[in-house]
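Quick notes on the structure that follows.
The values are calculated or read from the model by the stated rules, or taken from the named source; none is laboratory data. Because the structure is a prediction, the values reported are computed rather than measured. Methodologically, a virtual Cβ is constructed for each residue, glycine included, from the backbone with ideal geometry; neighbour enumeration extends over all protein chains shown.
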Amino acid sequence: MQLTPEQHVLFNLLKVSLWPDQDEGTLSSGFEQIDWEGLITFAFRQGVLGVSLDGFSRGKKFTDQLPALPKDQQIRWELSLKFQEARNKRQRGVIKELVALFKENGIEMMLLKGIGLSENYPIPSHRECGDIDIYLFGDYEKGNQIMEALGVVVDRQGTKHHNFFFKGIPIENHITFLDLTSGKINQRLEEHLHNILAEQGFDTIRIDDTEVRIPKPDFTAVFLVRHDITHFVASGLVLRYLCDLGLFFARNASSINFSQLFKILEETSQMNLFSAFINLAQKHVGMPVNSIPALPFDENLSNRILQDTINLPKKIPPEDLAKWWIVRRKVVGAYHLFRMKWKYDLMDKGLFYHRLTSSVLNAFK
């Protein structure tokens, strides 16, 4: 598919940033008609603002082909990165506090995704992180009560996780790894994840002087693929997800049982989407082609997913959505659901009609 100059340049910046041995000629062209405002906005919406600036900074060191950034855009880009670094530092501090707090109360904590995945990046603090996902090995309710004893408000409405803010950072306290109300595939994968955790245990990373548990690569491989497929269906992929996938699988390939992974993906009808995601990570964000076993892929499906990714509709702020007439909200929601039917059908046959039924029932509540 045809890319705009901004899309072409962003993809090349990601390749140079994420893979140190990337060909130095990657950034030799594409800047002639670049709209810097459009490039930075695109990078921001795709969750790769910090990583793309790293690519530009690194590129400056080995080529004189890169033009000087307009001063106002350079300031905006660098200030955004400083804000991201500060947020990352706060998140790491919160993780340390939570580990210590729960340990004092006899609870072990494991991180899911997020900061754990950022360890695969050349500069971990430049991966954008939203909330912090934690798993308390069945003690989620005890964890909720500990938070409430500190005056923290816990939202228990979810069936997969409960939510609260700690030191201003959103936390998802997982009851289950996946949403078990979304069909039998998630239920089967949940059992598989628990089996891996029971058989293999966990790895650890260090945040300063604190040891933090993260899942083993076999666990994260299954969990990350399902997470990304679910997001692809519900709200669309962003390039950060492709960077996560490419880096995780390339960095951990020697520790992943690919025959087992491919078997479970085939049996749960996820292999076509996984193959397309990996193909996009290899083609557009620089994941080495030979870093994992070769996969067949559907070129048309890959192009359709890429088109969907780079043309994500702007999200309507909740405060604006609340002002809409209820009938308008329902009509727009139904339109969006039917427009995404092709995604639901790729993820799980029958899932679209399950989602449609739930939406209709909720409309009458």
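Structure notes:
- Any hit, segment 225-236, residues being in a loop (DSSP other than H, G, I, E, B) and closer than 21 Å to residue 344 by Cβ: yes
- You will find that of 198, 221, 253, the residue that is touching a residue at least 40 places away in the same chain (Cβ under 8 Å), of a type in the set (A, V, I, L, M) and part of a helix (DSSP H, G or I) is 221 and no other.
- Residue match in segment 138-147 (condition: part of a helix (DSSP H, G or I) and touching a helix residue (DSSP H, G or I) at 6+ places or on another chain (Cβ under 6 Å)): no
- The residues of segment 205-223 that are of a type in the set (Ser, Thr, Tyr) and crowded, with 18+ Cβ neighbours inside 10 Å amount to a single one, 220.
- Condition check for residue 173: within 14 Å of the chain's Cα centre (by Cα) and either surrounded by 14 or more Cβ atoms within 10 Å (Cβ to Cβ) or assigned to a strand (DSSP E or B) (or both): no
- Evaluation of residue 65 against (1) at pLDDT below 90; (2) crowded, with 16+ Cβ neighbours inside 10 Å; (3) not basic (Lys, Arg) (one fails), failing number: (2)
- Among (1) surrounded by fewer than 18 Cβ atoms within 10 Å (Cβ to Cβ); (2) on the phi < 0 side of the Ramachandran plot, the one test that residue 197 misses: (1)
- Qualifying residue in segment 267-281 (condition: closer than 29 Å to residue 122 by Cα, exposed (fewer than 14 other Cβ atoms within 10 Å of the Cβ) and in contact (Cβ under 8 Å) with a residue 40 or more places away in the chain): no
- Across segment 74-88, a minimum of one residue is classified as touching a strand residue (DSSP E or B) at 6+ places or on another chain (Cβ under 9 Å) and either under 21 Å from residue 131 (Cβ atoms) or modelled with pLDDT under 90 (or both).
- Applying the set (1) closer than 24 Å to residue 192 by Cα; (2) modelled with pLDDT under 90; (3) loosely packed, with under 13 Cβ neighbours inside 10 Å to residue 263 leaves exactly one unmet item: (2).
- Segments classed as helices (runs of 4 or more DSSP H), wholly inside segment 299-365, with at least 3 members that are modelled with pLDDT of 75 or more: 299-310, 341-347
- For segment 107-127, the count of residues that are free of Cβ contacts under 8 Å to residues at least 60 places away in the same chain, loosely packed, with under 14 Cβ neighbours inside 10 Å and in a helix (DSSP H, G or I) is zero.
- Test: residue in segment 192-211 that is within 13 Å of the chain's Cα centre (by Cα) and not hydrophobic (A, V, I, L, M, F, W, C): no
- Of all the listed residues (139, 155, 133), the sole one being crowded, with 17+ Cβ neighbours inside 10 Å, charged (D, E, K, R) and over 26 Å from residue 246 (Cβ atoms) is 139.
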